[in-house]
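A.B. asks: Have a look at the structure that comes next, please.
The values are calculated or read from the model by the stated rules, or taken from the named source; none is laboratory data. On a predicted model such as this, the values are computed, not experimentally measured, just so you know. Cβ atoms come from the backbone with ideal geometry, glycine included; neighbour counts cover every protein chain shown. Ligands, DNA and RNA are excluded from the accessible area calculation, which covers all protein heavy atoms including side chains. Shrake-Rupley method; radii C 1.70, N 1.55, O 1.52, S 1.80 Å.
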Amino acid sequence: MNATPDWTLVVHGGAGIIEQGTLTPEQEAGVRAALGRALEAGAAVLAGGGEALDAVEAAVRVLEDDEHFNAGRGSVFTYEGAIEMDAAVMDGRNRDAGAVTGVTATRNPVSLARRVMEASPHVLLSREGADRFSREQGVEQAGPDWFEVAERRRQLEELKARGADHFDVEMKYGTVGAVARDKAGHVAAATSTGGITGKRWGRIGDSPLIGAGTYADDRAGAVSATGSGEFFIRAVVAHEICARVRLGGESILGAARAVIKDMGSLGGTGGVIVVGPEGDGGWAFNAAGMYRGRISSGQDPVVALYGDE
């Protein structure tokens, strides 16, 4: 990579039990293609001189519309058989942020999170209120047939058959996210998820929580996380990475690796994608694999799934 690229975009589609043989050839091809399309969508914004915030929204919308991931179309089911989605965005220029949790009918929750940031005095809206705000703002809606995917229903049925409770049977369909640094030097982050299979009691993970799963600050960088949400919340992963950069002078990738290690010491698994103020970007994870991709000005896109790539 160039030392100081004009712009950088990094995307992820989840981290977990992603190993050779976990996916069928068709699934693997579909995931790689979707990550490539997300990079193309965000890169088109950045290459044209657009803002990081627009780029991360564009990239995440592509992944939300693809059933290979646990966000938007393809979101997992709650224990009761419903789909409840979370998302967040953050603008590193002024640390504006917006987030939603438990939304049920917004086709692209990431765009609703942005509306919360730009058209409301709040940061986080939940459930019925978030759904109502979405309709009032004219954000595109979709019915259950759009979101529901047979494979996710199978996951829920398998979980119940095993007598398991509020935990993913297989961590191979993940949260999606994007981070970017634009030509003006500004950063932004976006994250979107359906949560975990079989979640109960209105459970909320780290994705819509600013500082846990999503964070952006022009002084330090941008972070989007995926994995065991409860542990990312406890370690305040996204903000902790940025704090180590801003206050400790660490590199963004060095800070990411250190914080993922710390989170892992608590028992959590997952990963983060990061981009720094100078356009240095990448990822850190302690799971078997992570759906991920990166592109910078003047560089070819890189897409990877497994830990040894």
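A.B. asks: Yes or no: the stretch 57-75 includes at least one residue that is within 19 Å of Asn108 (Cα to Cα), in a loop (DSSP other than H, G, I, E, B) and hydroxyl-bearing (Ser, Thr, Tyr). Let's see the steps before the verdict.
C.D. replies: Step one: list which residues in the stretch 57-75 are within 19 Å of Asn108 (Cα to Cα), which gives 57-75.
Next cut, in a loop (DSSP other than H, G, I, E, B) only: 65-75.
Filter again for hydroxyl-bearing (Ser, Thr, Tyr), leaving 75.
Among the residues of the stretch 57-75, at least one is within 19 Å of Asn108 (Cα to Cα), in a loop (DSSP other than H, G, I, E, B) and hydroxyl-bearing (Ser, Thr, Tyr), which makes the answer yes.
A.B. asks: Only one of Val76, Val56 is in contact (Cβ under 8 Å) with a residue 40 or more places away in the chain, more than 21 Å from Gln299 (Cβ to Cβ) and surrounded by 22 or more Cβ atoms within 10 Å (Cβ to Cβ); which? It would help to see each step written out before you state the result.
C.D. replies: Details: Val56 fails: more than 21 Å from Gln299 (Cβ to Cβ).
Every option except Val76 fails the conditions.
A.B. asks: Quick check: is even one residue across the stretch 256-267 within 23 Å of Asp182 (Cα to Cα) and touching a Lys or Arg at 6+ places or on another chain (Cβ under 6 Å)? Break it down into steps so the answer makes sense when it comes.
C.D. replies: So in the stretch 256-267, the residues within 23 Å of Asp182 (Cα to Cα) come out as 256.
Filter once more, keeping what is touching a Lys or Arg at 6+ places or on another chain (Cβ under 6 Å): none.
Scanning the stretch 256-267, I find no residue that is within 23 Å of Asp182 (Cα to Cα) and touching a Lys or Arg at 6+ places or on another chain (Cβ under 6 Å), so the answer is no.
A.B. asks: Which condition number does Gly264 fail, the rest of (1) within 29 Å of Glu84 (Cα to Cα); (2) open to solvent by less than 10 Å² (accessible area, probe 1.4 Å); (3) not acidic (Asp, Glu) being met?
C.D. replies: (2)
A.B. asks: Among the residues of the stretch 198-228, write down those that are among the basic types (Lys, Arg), closer than 28 Å to Ala82 by Cα and either open to solvent by 30 Å² or more (accessible area, probe 1.4 Å) or modelled with pLDDT of 95 or more (or both).
C.D. replies: Of the stretch 198-228, the ones among the basic types (Lys, Arg) are 199-200, 203, 219.
Narrowing the set further to residues that are closer than 28 Å to Ala82 by Cα leaves 199-200, 203.
Arg200, Arg203 - these are the residues of the stretch 198-228 that are among the basic types (Lys, Arg), closer than 28 Å to Ala82 by Cα and either open to solvent by 30 Å² or more (accessible area, probe 1.4 Å) or modelled with pLDDT of 95 or more (or both).
A.B. asks: OK, next. Pairs please, first residue from the stretch 84-104 and under 22 Å from Asp182 (Cα atoms) and basic (Lys, Arg), second anywhere and open to solvent by less than 10 Å² (accessible area, probe 1.4 Å) and at pLDDT 95 or above, Cβ atoms under 8 Å, 6+ apart in sequence or on different chains.
C.D. replies: Going by the 8 Å Cβ cut-off, the qualifying pairs are Arg95/Ala216; Arg95/Asp217.
A.B. asks: Under the condition of being open to solvent by 60 Å² or more (accessible area, probe 1.4 Å) and assigned to a helix (DSSP H, G or I), which residue from the stretch 85-141 is nearest to Trp201 (Cα to Cα)?
C.D. replies: In this case the residue turns out to be Arg127.
A.B. asks: Next up: Could you check the stretch 248-260 and list, in sequence order, the residues that are in a helix (DSSP H, G or I) and open to solvent by 40 Å² or more (accessible area, probe 1.4 Å)?
C.D. replies: Hits for the stretch 248-260 are Gly248, Leu253, Arg257.
A.B. asks: Out of Val169, Val245, I need the residue that is of a type in the set (A, V, I, L, M) and either modelled with pLDDT of 95 or more or crowded, with 24+ Cβ neighbours inside 10 Å (or both). Which one? Steps first, please.
C.D. replies: Values: Val169 fails: either modelled with pLDDT of 95 or more or crowded, with 24+ Cβ neighbours inside 10 Å (or both).
It is Val245.
A.B. asks: Of the residues that make up the stretch 272-280, is at least one under 19 Å from the mean Cα position of the chain (by Cα), of a type outside the set (Asp, Glu), open to solvent by less than 30 Å² (accessible area, probe 1.4 Å) and over 21 Å from Gly50 (Cα atoms)?
C.D. replies: Yes, the stretch 272-280 contains at least one residue that is under 19 Å from the mean Cα position of the chain (by Cα), of a type outside the set (Asp, Glu), open to solvent by less than 30 Å² (accessible area, probe 1.4 Å) and over 21 Å from Gly50 (Cα atoms).
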